[in-house]
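A.B. asks: Take a look at this one; I'll ask things after.
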Amino acid sequence: MKFNLPRQMIASVIFKVILRETTLQNEVITPASKKQLNGIEKIASKIKKYTLPKNLLKRKLKNNLGYGIFLRPGSKPILRGEVIGPYSGILSILPSNDPNDTGYMFELLSGIILNKEDQLLLHPNRKYHPRRLYSLQLDALKKGNFTRFINHSEKPNIVAHLLSSSGKTQAPIEVIYIAKKIIRPGEQLLVSYEHVGENNYWGPAKIKPFPMTPQTFTIKS
């Protein structure tokens, strides 16, 4: 399956750059709690086995709005603070001024400066420039999991957190979707694509998003 990636994909050279840059920039990434780590591992295992956790459904929406993710009718409510899943995709370090309008991208870290060795490994066809700025981008356009189908809302029931885990094979920064409030059976899972008070996702594309709440589209049975 194209979208059954439990956790984000990361190359060893990118792992090394992230560790170095977070230290140089004094970036403090909140460590995931033990409960959150257990939840992440549990959901990742379900994604690997079933693609979609059994308490969730992917359904096509009306009005040509694509797909949405719903809590299956008859399931237990998802409580506030529960892990929905890791937003997985391909991690890349790309020049900050390169356009990226895939619609499935998170910028996790900016202001990165690569040394000659790292740039040769990551961008062998690009001429080295010691002052060129790069950013760490997580893109689920081509690879990811069910979280990429979670739609936008100005009244979301999910929030995206930047967390770090202690796993040696995982990136020091991950995007984890966590329930912001109780999600009831039949409701759609929704997250805000923008930070509060900002217009940095829809604004540049001059798009007015369809107004959705968890109850706009529901599954009754």
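The values are calculated or read from the model by the stated rules, or taken from the named source; none is laboratory data. Here the structure is a predicted model, which means the values were calculated and not measured. Positions of Cβ are generated from backbone atoms using ideal geometry, with glycine treated the same way; all protein chains shown enter the neighbour counts. For accessibility, only protein heavy atoms count, side chains too; no ligands or nucleic acids. Shrake-Rupley method; radii C 1.70, N 1.55, O 1.52, S 1.80 Å.
A.B. asks: Would you mind checking the tilt of helix 12-24 against the longest principal axis of the Cα atoms of the chain, expressed as 0 to 90 degrees and rounded to 10?
C.D. replies: 80
A.B. asks: For the chain, with only Lys/Arg (+1) and Asp/Glu (-1) charged at the beta-carbon, what is the dipole magnitude about the Cα centre, in debye rounded to 20? Please list the in-between numbers first.
C.D. replies: Working: 34 positive and 15 negative charges, 211 e Å.
For this selection, approximately 1020 debye.
A.B. asks: Considering only ASN151, ASN115, ASN125, give the residue with the highest GNM mean-square fluctuation for the chain, with springs between Cα atoms whenever their separation is below 10 Å.
C.D. replies: The residue with the greatest mean-square fluctuation here is ASN125.
A.B. asks: For the chain, what is the relative contact order in percent, using Cα pairs closer than 8 Å and at least 6 residues apart in sequence?
C.D. replies: With pairs under 8 Å counted, the relative contact order is 28 percent.
A.B. asks: Cα gyration tensor of region 7-125, axes a ≥ b ≥ c as square roots of the eigenvalues: rounded (a/c below 1.5), prolate (a/b > b/c) or oblate?
C.D. replies: Working: a/c = 2.56, a/b = 1.70, b/c = 1.50.
It comes out prolate by the Cα gyration axes.
A.B. asks: Given H placed 1.01 Å from N in the peptide plane, which residues other than close sequence neighbours of SER96 have an amide H under 5 Å from its amide H?
C.D. replies: Under 5 Å from the amide H of SER96: LEU133, TYR134, SER135.
A.B. asks: On to the next question. Rolling a 1.4 angstrom probe over the protein heavy atoms, how many square angstrom per residue are accessible across the chain?
C.D. replies: Numbers: 12940 Å² over 221 residues.
Per-residue value: 59 Å².
A.B. asks: Determine ³J(HN,Hα), in whole Hz, for all residues of region 62-72 in sequence, where each value follows from phi through the Karplus function 6.51 cos²θ - 1.76 cosθ + 1.60 and θ = phi - 60°; x replaces Gly and Pro.
C.D. replies: Values, residue by residue: 6, 6, 6, 9, x, 9, x, 10, 10, 7, 4 Hz.
A.B. asks: Let me ask something additional. With runs of 4+ DSSP H residues as the only contributors, calculate the mean residue ellipticity of the chain at 222 nm using -39,500 (n - 2.57) per run, divided by the residue total and rounded to the nearest 500. Spell out each step's value before the answer.
C.D. replies: Numbers: 3 runs with 37 residues, N = 221.
Taking each H run of at least 4 residues, the total per residue is -5000 deg cm²/dmol.
A.B. asks: Further, regarding this structure: Scaled to the compact-protein estimate 2.2 N^0.38 Å, what is the alpha-carbon radius of gyration of the chain, rounded to two decimal places? Don't jump to the answer; show the numbers that get you there.
C.D. replies: Numbers: Rg = 18.1 Å, N = 221, 2.2 N^0.38 = 17.1 Å.
Taking N as the residue count of the chain, the ratio is 1.06.
A.B. asks: Let me ask you something else. With θ set to phi - 60°, apply the Karplus curve 6.51 cos²θ - 1.76 cosθ + 1.60 along region 36-47 and write out the HN-Hα couplings as whole Hz, x wherever there is a Gly or Pro.
C.D. replies: 5, 4, 4, x, 5, 5, 5, 5, 4, 5, 5, 4
A.B. asks: Which ³J(HN,Hα) values, rounded to whole Hz and listed in residue order, are derived for region 143-152 from phi using the Karplus coefficients 6.51, -1.76 and 1.60 in 6.51 cos²θ - 1.76 cosθ + 1.60 with θ = phi - 60°, glycine and proline given as x?
C.D. replies: Using θ = phi - 60°, the values come out as 9, x, 9, 4, 5, 5, 9, 7, 7, 8 Hz.
A.B. asks: 5 Å is the cut-off here: which amide hydrogens, built 1.01 Å from N in the peptide plane, fall below it relative to ASN151, excluding neighbours closer than 5 in sequence?
C.D. replies: Amide H neighbours of ASN151, under 5 Å, 5+ apart: ILE69, VAL191.
A.B. asks: Hey, in the GNM for the chain with a 10 angstrom Cα cutoff, which one of GLU187, GLU41, GLU27 fluctuates hardest?
C.D. replies: Ranking GLU187, GLU41, GLU27 by mean-square fluctuation puts GLU27 first.
A.B. asks: With a sphere of radius 12 Å drawn around the Cβ of GLU27, what net charge do the other residues whose Cβ falls strictly inside it have (Lys, Arg +1; Asp, Glu -1)? Walk me through the intermediate numbers first.
C.D. replies: Details: positive: ARG20; negative: GLU21.
Taking every other residue near GLU27 into account, the sum is 0.
A.B. asks: Within the chain, what whole-number % of the accessible surface is contributed by carbon and sulfur, with the 1.4 Å probe and all protein chains included in the calculation?
C.D. replies: Of the solvent-accessible surface of the chain, carbon and sulfur hold 54 percent.
A.B. asks: To continue, here is another question. Let me make sure I get this right: for region 55-100, a, b and c are the square roots of the gyration tensor eigenvalues over alpha carbons, sorted descending. Under 1.5 in a/c it's rounded, otherwise prolate if a/b > b/c, else oblate. Which is it?
C.D. replies: In terms of gyration-tensor shape, oblate.
A.B. asks: When we measure straight from the Cα of LYS46, which lysines land under 16 angstrom away, once same-chain ones fewer than 8 places off are left out?
C.D. replies: LYS2, LYS54, LYS58
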